[in-house]
Amino acid sequence: MSHARGYPNAGHFYSNIVGPVKIDMNFIVDSANGNGLGIRSLKSNGYVQNVFMHTSSTPGTNNGYLNPNPATGYALIQFKYNFNKYLGGFQGFVSPVSGTPINVTTGTTAGLAYVIVTVGTTTIDQWQKLGLPLGVTPAVGVSFIAIATTTATGTGVIEVPAASGSTILDVDVIGDANLSTSSSIATFGGQWLLVRFLGATNSSTTTLVKTAPADNSVVGLSAFFDNSSVTVDGL
């Protein structure tokens, strides 16, 4: 199979949807951040105007909008444009670290996962001794599996992932997103989407309940819209 390179969406996307638009975004949950948005480091492919989550700081203004400070477990997303129909979405999460720093001179346990939080003076050879894959440059946020119970030299620091991860198992949409469009993009921005994060009730009960993602979790979301009023097979 050949793979086209050098072009966005390298190839063709076949669908009975006339105007498919897939919007990807990720952000870090940060309920105490002084920006008052409940998140930081929002990244997208140019379609996302705002993401608002619960904040313990004074709610902040972003792009002319005040964070309504939703209760924990919700995220209110505003896109830059309106769309004809909301079709669905996808999600994924990156776990925060444990919060317990481990200097590389203390060492690793074979088979466990670690995340670099400080590169320090530890050389690439020493990082590879711990388990950093060949060809990967040591940097804050890089993860690896320890290949031995051993120590390294230098001032590098690692942490294990948080035991409970992001705490989130699923995300659902609240209300009918097809009704949450703005009448004037220039004045009000675009489409709104309200989502809820769901996690297990507790360690012994798997019933899903509204749950705040752990601070410093990276949330990845994709939203799928139809940008055409032409219908094919009802879509």
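The values are calculated or read from the model by the stated rules, or taken from the named source; none is laboratory data. What you see is a predicted model, and the numbers here were worked out from it, not measured in a lab. Neighbour counts run over all protein chains shown; Cβ positions are idealised from the backbone, glycine included.
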For region 34-49, the count of residues that are part of a loop (DSSP other than H, G, I, E, B) and closer than 19 Å to SER95 by Cβ equals 1
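Can you say whether GLY120 is closer than 30 Å to PHE27 by Cβ and under 24 Å from the mean Cα position of the chain (by Cα), as far as the supplied structure shows? Full working, then the answer.
On the way: closer than 30 Å to PHE27 by Cβ: yes; under 24 Å from the mean Cα position of the chain (by Cα): no.
No, not satisfied.
Which residue is surrounded by the most Cβ atoms within 10 Å (Cβ to Cβ), if the candidates are limited to region 181-201 and must be among the polar types (S, T, N, Q) and at pLDDT 85 or above?
In the first step, residues of region 181-201 are kept if they are among the polar types (S, T, N, Q); the result is 181-184, 187, 191, 201.
Pick out the ones that are also at pLDDT 85 or above and you get 191, 201.
Working: GLN191: 24, THR201: 11.
My answer is GLN191.
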*Would region 26-38 turn up any residue that is in the same structural domain as GLY88 (by TED's automatic domain parsing), of a type in the set (A, V, I, L, M), buried (at least 17 other Cβ atoms within 10 Å of the Cβ) and in contact (Cβ under 8 Å) with a residue 40 or more places away in the chain?*
yes
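Given the options THR211, THR207, name the one that is of a type outside the set (Phe, Trp, Tyr), within 15 Å of GLY73 (Cβ to Cβ) and surrounded by fewer than 13 Cβ atoms within 10 Å (Cβ to Cβ).
Working: THR211 fails: surrounded by fewer than 13 Cβ atoms within 10 Å (Cβ to Cβ).
THR207 is the lone residue from the list that is of a type outside the set (Phe, Trp, Tyr), within 15 Å of GLY73 (Cβ to Cβ) and surrounded by fewer than 13 Cβ atoms within 10 Å (Cβ to Cβ).
Please work out if PHE83 is in contact (Cβ under 8 Å) with a residue 60 or more places away in the chain, assigned to a loop (DSSP other than H, G, I, E, B) and buried (at least 19 other Cβ atoms within 10 Å of the Cβ).
On the way: in contact (Cβ under 8 Å) with a residue 60 or more places away in the chain: yes; assigned to a loop (DSSP other than H, G, I, E, B): yes; buried (at least 19 other Cβ atoms within 10 Å of the Cβ): yes.
Considered against the rule, which asks whether it is in contact (Cβ under 8 Å) with a residue 60 or more places away in the chain, assigned to a loop (DSSP other than H, G, I, E, B) and buried (at least 19 other Cβ atoms within 10 Å of the Cβ), PHE83 comes out as yes.
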Residues in region 114-128 that are in a helix (DSSP H, G or I), surrounded by 18 or more Cβ atoms within 10 Å (Cβ to Cβ) and of a type in the set (Val, Ile, Thr) total 0
Quick check, is THR151 exposed (fewer than 15 other Cβ atoms within 10 Å of the Cβ) and part of a strand (DSSP E or B)?
no
Of those in region 1-56 that are of a type in the set (Gly, Ala, Ser) and at pLDDT below 75, the residue farthest from THR211 (Cα to Cα) is SER2
All-but-one check, LEU169 against (1) under 19 Å from the mean Cα position of the chain (by Cα); (2) modelled with pLDDT of 90 or more; (3) hydrophobic (A, V, I, L, M, F, W, C), failing number (2)
Of those in region 202-235 that are in contact with a Pro (Cβ under 9 Å, 6 or more places away or on another chain) and at pLDDT below 85, the residue nearest to GLY175 (Cα to Cα) is ASN227
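Please indicate, with yes or no, whether at least one residue in region 151-160 is in contact (Cβ under 8 Å) with a residue 60 or more places away in the chain, farther than 24 Å from PHE90 by Cα and among the hydrophobic types (A, V, I, L, M, F, W, C).
Kept after step one, since they are in contact (Cβ under 8 Å) with a residue 60 or more places away in the chain, are these residues of region 151-160: 159-160.
Going one step further and asking which of them are farther than 24 Å from PHE90 by Cα, we end up with 159-160.
Remaining after also requiring among the hydrophobic types (A, V, I, L, M, F, W, C): 160.
Yes, region 151-160 contains at least one residue that is in contact (Cβ under 8 Å) with a residue 60 or more places away in the chain, farther than 24 Å from PHE90 by Cα and among the hydrophobic types (A, V, I, L, M, F, W, C).
It is to be established whether one or more residues within region 100-113 are under 30 Å from TYR65 (Cα atoms) and either in a strand (DSSP E or B) or touching a Phe, Trp or Tyr at 6+ places or on another chain (Cβ under 7 Å) (or both).
Taking region 100-113 and keeping what is under 30 Å from TYR65 (Cα atoms), we get none.
Scanning region 100-113, I find no residue that is under 30 Å from TYR65 (Cα atoms) and either in a strand (DSSP E or B) or touching a Phe, Trp or Tyr at 6+ places or on another chain (Cβ under 7 Å) (or both), so the answer is no.
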